[in-house]
Amino acid sequence: QVELVESGGGSVKAGGSLRLSCAASGRTFSWYGWFRQAPGKQREYVGAIRWSSRHTYFADSVKGRFTISKDSGKNAVYLQMNSLKPEDTAVYYCAADNGLILSSREMADQYDYWGQGTQVTVSS
């Protein structure tokens, strides 16, 4: 059974950093995405990584502040979040899929597997 387990959320002051982890059990996927959802808002694309090439892609709102990396040995991906802002406050989700094409990486409904989510709170 495939499972994505996230960890690393928490509370931080504006300007601080957090690193989220997403460990996949059962298999490795070709694409991993990060999404977030703030209260009362729709789920929003944050970024994605293509496993084989390590190429990463980001939403404009986080570009230059967030990075995504992977650890093949641990079958895990990481979302490093720097220069955090209060508007980054949300539940963050890891997602994975094997059938994505590049142009659909930002679309939540294209990912078949999801983690449970982890809360990130940034205070001013």
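Averaged over its residues, region 1-40 has an accessible area of 48 Å² per residue, based on protein heavy atoms and a 1.4 Å probe. 3J(HN,Hα) along region 87-103: 6, 7, 4, 4, 8, 9, 10, 9, 9, 8, 6, 10, x, 5, 10, 3, 6 Hz, from the Karplus curve 6.51 cos²θ - 1.76 cosθ + 1.60 with θ = phi - 60°, whole Hz, x for Gly and Pro. Here K70 is the anchor, and the aspartates and glutamates within straight C-alpha reach of less than 14 Å, apart from those fewer than 8 places off in the same chain, are E6. Ligands, DNA and RNA aside, C22 has an accessible area near 0 Å² when probed at 1.4 Å. Express the Stokes-Einstein translational diffusion coefficient of region 26-124 in µm² s⁻¹, to the nearest whole number, given a Kirkwood radius over alpha-carbon pairs, 20 °C and a viscosity of 1.002 mPa s. It diffuses with D of about 156 µm²/s by this estimate. Counting only DSSP beta bridges whose two residues both lie in the chain, roughly 90 percent are antiparallel.
Computed over region 11-124, relative contact order equals 35 percent, with contacts defined as Cα pairs under 8 Å that lie 6+ residues apart.
GNM, the chain, Cα, under 10 Å: largest mean-square fluctuation among Y113, Y92, Y32? Taking springs between Cα atoms under 10 Å, the residue moving most is Y113.
Judged by the mean number of other Cβ atoms found within 10 Å, the most tightly packed of the peptides 34-43, 74-83 leads the ranking 74-83, 34-43. Note on R19: accessible area is roughly 120 Å² with a 1.4 Å probe, heavy atoms of protein only.
Per-atom-type breakdown for region 1-60 gives carbon and sulfur 44% of the accessible area (1.4 Å probe, protein chains only). Computed from backbone phi, the HN-Hα couplings of region 109-124 come to 6, 8, 9, 8, 10, 9, x, 7, x, 9, 7, 10, 10, 10, 9, 8 Hz, rounded to whole numbers (Karplus: 6.51 cos²θ - 1.76 cosθ + 1.60, θ = phi - 60°; Gly and Pro given as x). Across region 64-70, coupling constants 3J(HN,Hα) worked out from phi with the 6.51/-1.76/1.60 Karplus curve, θ = phi - 60°, read x, 10, 10, 10, 10, 9, 9 Hz, and Gly and Pro carry x.
Residues whose amide H lies under 5 Å from that of G16, counting only those 5 or more places away or on a different chain, are L84; hydrogens are built 1.01 Å from N in the peptide plane.
Close amide H contacts of Y113 (hydrogens built in the peptide plane, cut-off under 5 Å, sequence separation of 5 or more or a different chain): A96.
In plain terms, the chain from Q80 to V2 could stretch by 25.7 nm, reckoned as 0.36 nm per residue minus the Cα-Cα distance.
Close amide-amide hydrogen proximity is noted between V46 and W34, F35, R36, each under 5 Å apart and 5 or more residues distant or on a separate chain (H modeled in the peptide plane; Pro and chain starts excluded).
The values are calculated or read from the model by the stated rules, or taken from the named source; none is laboratory data. Because the structure is a prediction, the values reported are computed rather than measured. Cβ: placed from backbone, ideal geometry, glycine included. Neighbour counts: every protein chain shown. Side chains included, ligands, DNA and RNA excluded: accessible areas come from the protein's heavy atoms. Shrake-Rupley method; radii C 1.70, N 1.55, O 1.52, S 1.80 Å.
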